[in-house]
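What follows is one structure encoded as structure tokens, with my remarks underneath.
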Amino acid sequence: MSSIIWEVNRFKNEVGVRAASADHDTDEMKKAESFHKSMPGYDRTPLAELKNLSDVLGLGSIYVKDESERFGLNAFKGLGASYAMAKYFAGRLDIELADFTFDELLGRIPGHPPVIFSTATDGNHGKGVAWASELFKQKSRVYMPEGTADSRLDAVLEYGAGGAVTEMNYEDTVEYVREISRKNGWVHIQDTSWEGYTELPMYIMQGYMTIIAEIEGQLQGRRLSGVSHIILQAGVGSFAGAMAAAVYNLTDGRPPHIIVVEPQRADCLHRSAKSEDGRPVRVHGSLDSMMAGLSCGAPNPADWEILKSVADGFASCADSISATGMRILGNPAGEDSKVISGESGALPLGFLYEVMTNEEYGNLKEELGLDAGSSVLTISTEGDTDPVNYRSVVWGERTGTDKMDGGKYMTEIKGE
Ligand SMILES: Cc1ncc(COP(=O)(O)O)c(C=O)c1O
């Protein structure tokens with residue numbers, strides 16, 4: 001079986017451009033960035049240009065945004081959780097968030113009784129929720145799917161959350177949290193949407209758009225309109241959808257080629273693109289991939305619509321592709337900056353390398369127009385969030401087709 005299975009997006013431009021919605025326009029992007037800038041610990045994350053690698057691969061330029069440095073969380077997800085909480089409180093207080101900094105908002109939020117924010121997570125979003133809850137002086141409950149590495153649960157407990165690893169896959173864990181949140185009156189803050197639950201996920205996506213706002217500034221003279229390809233990794237697709245929509249709006253509807261990459265065992269967007277009618281397709285089963293952040297079986301319907309309207313296509317990728325990306329980013333060519341990129345962070349770069357170097361993908365390279373004139377943007381969305389697996393990939397020979405013996409299953413709640 002090939003390590004990359006490509007599906008061209010037959011629906012592109014046929015379904016109207018959902019990416020153009022006002023929810024993701026440049027104004028909303030700037031509001032999110034401005035709020036984040038007022039938060040404690042905010043710093044723009046680095047954008048590295050890998051000049052030597054682009055020479056090796058025969059490309060014009062390659063950029064990697066390093067989200068491992070985001071708020072000290074080792075992943076980008078805190079952007080979404082913090083912005084959604086801020087919007088939630090602004091709604092409760094009936095104020096316009098854009099008029100408030102983080103400190104001003106915090107000053108208005110009643111301390112008692114605390115709001116309990118709950119979520120299901122592969123790890124990174126839950127850490128973002130736990131961290132943001134602590135910053136807003138509230139509480140959180142975080143549940144993780146079966147097989148989650150202990151280090152991910154520990155990372156959440158550090159921020160004062162209650163947490164547990166369930167014996168269910170990601171989607172079933174989301175259902176479970178939905179149910180217990182309803183029973184307990186918790187505020188379920190999930191990074192995917194479903195019928196009747198769209199507002200908080202949309203705020204989360206708006207929070208992610210800060211990444212694009214920063215990149216636009218960091219590219220200086222070139223700006224995003226000078227980028228020819230952007231490769232985006234997807235779990236449920238909220239991140240990729242938010243990035244695609246922000247880029248679409250920022251480039252006045254003339255975005256670069258947008259390529260979406262997913263793990264083969266959780267390639268729900270790839271399968272949706274393959275479907276006859278273009279409706280979201282859910283992948284069932286254990287979704288077993290070392291790319292924990294991307295191991296999601298059901299597309300976020302709102303984001304699927306965005307990606308369907310603007311993406312060039314969807315690549316279903318073996319874990320080994322991500323392993324290649326992790327090794328290259330951690331052991332850069334020549335003077336290129338080193339980027340510690342975890343399993344879900346490195347898939348786009350691994351995909352790029354494979355397509356440029358493996359003859360098997362010569363046609364795909366041509367179809368995508370990847371050549372010496374190309375300027376490619378990738379976002380490394382996490383650092384070594386599973387340090388044990390990171391080391392075994394980068395130091396060892398692990399290619400990650402099966403999961404590490406990471407998590408112990410727990411039914412009792414830890415922490416709090
Ligand atoms: C590091 C990392 N990258 C990418 C993603 C993908 O985000 P989404 O599920 O919105 O597609 C996740 C999701 O948890 C993640 O943790």
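Of all residues in the stretch 154-177, count the ones that are without any contact (Cβ under 8 Å) to a residue 40 or more places away in the chain and out of contact with any helix residue (DSSP H, G or I) (no Cβ under 7 Å at 6 or more places or on another chain).
4
Among (1) closer than 28 Å to N124 by Cβ; (2) among the small types (G, A, S); (3) assigned to a helix (DSSP H, G or I), which single condition is G362 missing?
Only one criterion in (1) closer than 28 Å to N124 by Cβ; (2) among the small types (G, A, S); (3) assigned to a helix (DSSP H, G or I) is unmet by G362, namely (1).
Could you tell me which of the residues Y159, Y143, Y88 is over 20 Å from the mean Cα position of the chain (by Cα), of a type in the set (S, T, Y) and either within 12 Å of the ligand (Cβ to nearest atom) or more than 30 Å from L349 (Cβ to Cβ) (or both)?
Matching residue, one of Y159, Y143, Y88: Y88.
With a cut-off of at least 1 residues that are in contact (Cβ under 8 Å) with a residue 60 or more places away in the chain and closer than 24 Å to S140 by Cβ, name the helices (runs of 4 or more DSSP H) lying wholly within the stretch 1-99.
26-37, 78-93
Considering each of S238, S225 in turn, give the residue that is hydroxyl-bearing (S, T, Y) and either closer than 25 Å to H125 by Cα or touching a His at 6+ places or on another chain (Cβ under 6 Å) (or both).
Only one candidate qualifies: S238.
Of the residues F117, F136, which is away from the ligand (no atom under 16 Å from the Cβ) and closer than 22 Å to G293 by Cβ?
One residue alone meets the criteria, F117.
How many of the residues making up the stretch 321-351 are within 15 Å of the ligand (Cβ to nearest atom), farther than 20 Å from S289 by Cβ and of a type outside the set (A, V, I, L, M, F, W, C)?
Here the count works out to 0.
Could you grab me the full set of residues in the stretch 21-56 that are within 20 Å of T210 (Cβ to Cβ) and either at pLDDT below 95 or among the acidic types (D, E) (or both)?
S21, A22, D23, H24, D25, T26, D27, E28, E33, D43
The values are calculated or read from the model by the stated rules, or taken from the named source; none is laboratory data. Given the structure is predicted, the values throughout are model-derived calculations rather than measurements. Neighbour counts run over all protein chains shown; Cβ positions are idealised from the backbone, glycine included.
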